Amino acid sequence: MKRTGATGGRSASLLAAYGAWAVSLVVAVVFLSPLVWMVAASLREEASIFGGGWWGMDGWTLENYADAWRRAGLGRALLNSTMQVVVIGGGGLLINAMAAYAFARLEFWGREGVFAGVVVLIILPVEVLAVPLFFTARDLGLTGGHGAALAGLTVPFLAKAFNIYFLRQHFLSVPATLEEAAVMDGAGPWRLFWNVALPAVRPALATVVVLDLLAHWGDFLWPLMITTRGETRTVQLSLANLFTQPPVQWGDILACAVLATLPVMLFFRWFQRYIVATDARAGIK
């Protein structure tokens, strides 16, 4: 009887595992099918995208990518978007990490009240602040050429309430004994921050960078308001421009969408292990 019960339990476990695998496969197909269709359609001639006959050897082309690159000015747009996310990701990471460490470890008057104000700012969407931010950027001359437009795209988003809150929670999880040992060796606040605290929360730092990349690579409203010249457009504005620039070619639009999506996918794949590490640590805590 014991052997039969054990066999039945093992069969139930295998059945549950196969069922979970099947459900995961179905969910993956549902979410990936639009992406697969986008890539395949970007390689089709315009008349073949919605006309059927996908399984034949005719109608496949790479001209959509060349046309999209030329018509959308995609080279300049990709460079502008890359510079935007690099400045926000790099500069914002340092600013937010320093603020988060100050809230987590430094003692100063009004710390809890200021941090409560930071938490309140998390609920405010960009759309609420877009108009006053635009007037401020305009008055400061941040809507002009390349340097001014880059500053206008990045400066308002270097400090973020959510990133400060997120990093503060991880700094609080760093064992105090590590910092106490460094203090005994003569380390000051800056050395504690740079050599002890930052390495201990490296997965959280990578997560913040990925979140900033996803948010600002796909940003449309703020670049639309702040970039007044064609050479300062970001990749999302260049993609949107193909919908209004005659002739409207769906092959070019889909090719541009593929080229705009590929950097995000590669970057996310590169930093995926750090995000998993962050989730694992959160689960342990």
Checklist line | Intensity falloff of the chain expressed as log10 I(q)/I(0), Debye formula with alpha-carbon point scatterers, at q = 0.07, 0.14 Å⁻¹ | finding: -0.41, -1.11
Check: Taking the Cβ of Gly91 as the center, what net charge do the other residues with Cβ under 13 Å away carry, scoring Lys and Arg +1 and Asp and Glu -1?
Finding: 0
Margin query: If a paramagnetic tag sat 7 Å from the Cα of Thr136 along the Cα-Cβ line, which residues of region 90-121 would have the backbone N under 14 Å from that point?
Written below: 121
Next item on the list: List every residue whose amide H lies under 5 Å from the amide H of Arg44, counting only residues 5 or more places away in sequence or on a different chain, with H placed 1.01 Å from N in the peptide plane.
Entry: Thr61
Note to self: Suppose each label sits 7 Å from its Cα in the direction of the beta carbon; what would the Glu112-His146 distance come out to in nanometres?
What the structure shows: 5.1
Margin query: I need the helices of the chain that pass two filters: whole DSSP H segments spanning 24 Å or more by Cα along the axis, and mean Kyte-Doolittle score no lower than 1.0.
Written below: 2-42, 74-105
Next item on the list: Take the chain, connect every pair of alpha-carbon atoms lying under 10 Å apart with a spring to form a Gaussian network, then pick out the residue of Arg44, Arg233, Arg105 with the largest mean-square fluctuation.
Entry: Arg105
Note to self: Given the DSSP H assignment, sum -39500 (n - 2.57) over each helix run of at least 4 residues in the chain and divide by its residue total; what's the result at 222 nm in deg cm²/dmol, nearest 500?
What the structure shows: -24000 deg cm²/dmol
Next item on the list: Can you list which of the chymotrypsin sites (Phe, Trp or Tyr not before Pro) found in region 174-238 are DSSP loop residues with at most 14 other C-beta atoms within 10 Å?
Entry: Phe220
Item checked: Phi to ³J(HN,Hα) by Karplus 6.51 cos²θ - 1.76 cosθ + 1.60 over region 191-196, Hz, x for Gly, Pro -> 5, 4, 5, 7, 9, 10
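Throughout, read-outs are computed from the coordinates displayed, never taken from laboratory work. Here the structure is a predicted model, which means the values were calculated and not measured. Virtual Cβ from ideal backbone geometry, glycine too; neighbours counted across all protein chains shown.
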